[in-house]
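To start, the structure under review is shown below, and the notes come after it.
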Amino acid sequence: MSKEQDKKEVTPKGYTCMSKEQDKKEVNMIKAVVGANWGDEGKGKITDMLAKEADIIIRFQGGANAGHTIVNDYGKFALHTLPSGVFYEHTTSIIGNGVALNIPVLVEEIKSITDRGVPEPKILVSDRAQIVMPYHILFDQYEEERLGGKSFGSTKSGIAPFYSDKYAKIGIPVSELFEEAALKEKLKGICETKNVLLKHLYHKPLLDAEELFETMQSYRKMISPYVCDVSLYLDQAIKEGKDILLEGQLGTLKDPDHGIYPMVTSSSTLAAYGAIGAGIAPYEIKQVITVCKAYSSAVGAGAFVSEIFGEEADELRRRGGDGGEYGATTGRPRRMGWFDCVASKYGCRLQGTTDVAFTVLDVLGYLEEIPVCTAYEIDGEETTDFPTTGRLERAKPVFQTLPGWKEDIRGIRTYEELPENCRRYVEFVEEQIGYPITMVSNGPGRNDIIYRNKEKNER
């Protein structure tokens, strides 16, 4: 019997599970890539870059409500559900149990990248992941419509209704697609309760249980090639010493417990949740790479202390990102601001940061001077500690101004080659937030990255 034949398959009865065999490594490393702020920090690029050395990349929370923009040899892509490591043939990409799984969106996204020449990725989907139902998207739209000017700025992707149902214990896990009789009965009960709201609150068409069941039949056909007992698969992978990346969505300030509540998302955006949303032991996460932009941006409503407006914001928005600062999912113009040390320090602390990846630094090269928010003034008092939402709404930024470098830094590959004022900016931010900046991104491409000596910068 060959070595590969001798290995135990981690495939639940009735499902198909793809896997990739590799030689056993001496030591495994599980890294988490997460955001420090409001999202849109550049996590997709950092994950795509680190995936070169990874075996497995896992999405562990959120859904298709946010996007990660990737620029590589295949072109420019906006991913919404797929992990950002799908462009490497040696990797396995996993949709964890913590993800809000929109099955048609996932399948269409796979097709969208393969149609552009990307090799078919190796994908696993947790049998415990729950499904974004068509009515979740409808209820998201109806509620935003009902709230009008008091809406939460939802992407209308069904995320809040999805997680509401999950914790109300009326969600639909992937595994239930394979239990037809039980699924029929469950859908009947769901329709009874949902239709009360549709009729009396929203005044919209009612749900039909039989129609929903037929839709679920089509979902089962779509997803069945990818379904796997992911936690069991990962347990084996950890024992085999595989390198694993956890990819987070959005950032600390959108976390429902620790963010700018209620203008937050509906699943935890923290690295700690990676253990839950992937199905691994928490002590397995050895490195937390927290991504910060060299300036600030946000999509949607909520407190944003360092926000700028008018021509100043328009210019930064036009130059920012990898083609302007617009939401990868919605296309909405992002709100712009200067780097916020208070929010970023808080965001890094909550993530358990071991390394900071500092992105889009090249964008700031047009500025003579660069303001940095180093503190908040709240009710006449100055603080460097991030407050709760009520006090945050009253906060005013306290800025320090640093000299710009007025130079294009794209193409530079070593930290020492950066202009002096550029290095001063990085080191000033590092000092303010208190966490080592070990990676500096100076362009949108996979190779536009500068590594700094972590040990040298640890305090």
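The values are calculated or read from the model by the stated rules, or taken from the named source; none is laboratory data. Bear in mind the structure is a predicted one, so any value in this text is a computation, not a measurement. Backbone-built Cβ (ideal geometry, glycine too); neighbour counts: all protein chains shown.
Key figures
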read-out: Hits in the stretch 378-414 - residues which are within 24 Å of Arg424 (Cα to Cα), of a type in the set (Val, Ile, Thr) and part of a loop (DSSP other than H, G, I, E, B); value: Thr384, Ile409, Ile412, Thr414
read-out: Filtered residues of the stretch 81-121 (kept if of a type in the set (Asp, Glu) and either within 21 Å of Thr215 (Cα to Cα) or under 15 Å from the mean Cα position of the chain (by Cα) (or both)); value: Glu108, Glu109
read-out: Hits in the stretch 402-454 (condition: over 23 Å from Tyr366 (Cβ atoms) and surrounded by 18 or more Cβ atoms within 10 Å (Cβ to Cβ)); value: Ile433, Tyr435, Pro436, Thr438, Arg452
read-out: Residue in the stretch 65-76 that is of a type in the set (Val, Ile, Thr), surrounded by fewer than 23 Cβ atoms within 10 Å (Cβ to Cβ) and modelled with pLDDT of 90 or more present; value: no
read-out: From the options Val118, Val125, residue that is among the β-branched types (Val, Ile, Thr) and crowded, with 22+ Cβ neighbours inside 10 Å; value: Val125
read-out: Where a residue in the stretch 299-324 is under 11 Å from Gly337 (Cα atoms) and at pLDDT 95 or above and its partner, wherever it lies, is hydrophobic (A, V, I, L, M, F, W, C) and assigned to a loop (DSSP other than H, G, I, E, B), with Cβ under 6 Å and at least six apart; value: Val305/Ala395; Ser306/Trp338
read-out: Given (1) touching a residue at least 24 places away in the same chain (Cβ under 8 Å); (2) not in a strand (DSSP E or B), index of the condition Gln287 fails; value: (2)
read-out: Residue ranges of helices (runs of 4 or more DSSP H) in the stretch 78-187 with at least 3 members among the small types (Gly, Ala, Ser) and in the same structural domain as Trp38 (by TED's automatic domain parsing); value: none
read-out: Residue in the stretch 327-340 that is in a helix (DSSP H, G or I) and modelled with pLDDT under 95 present; value: no
read-out: Selected residue (only one of Gly241, Gly259 is over 22 Å from the mean Cα position of the chain (by Cα) and assigned to a loop (DSSP other than H, G, I, E, B)); value: Gly241
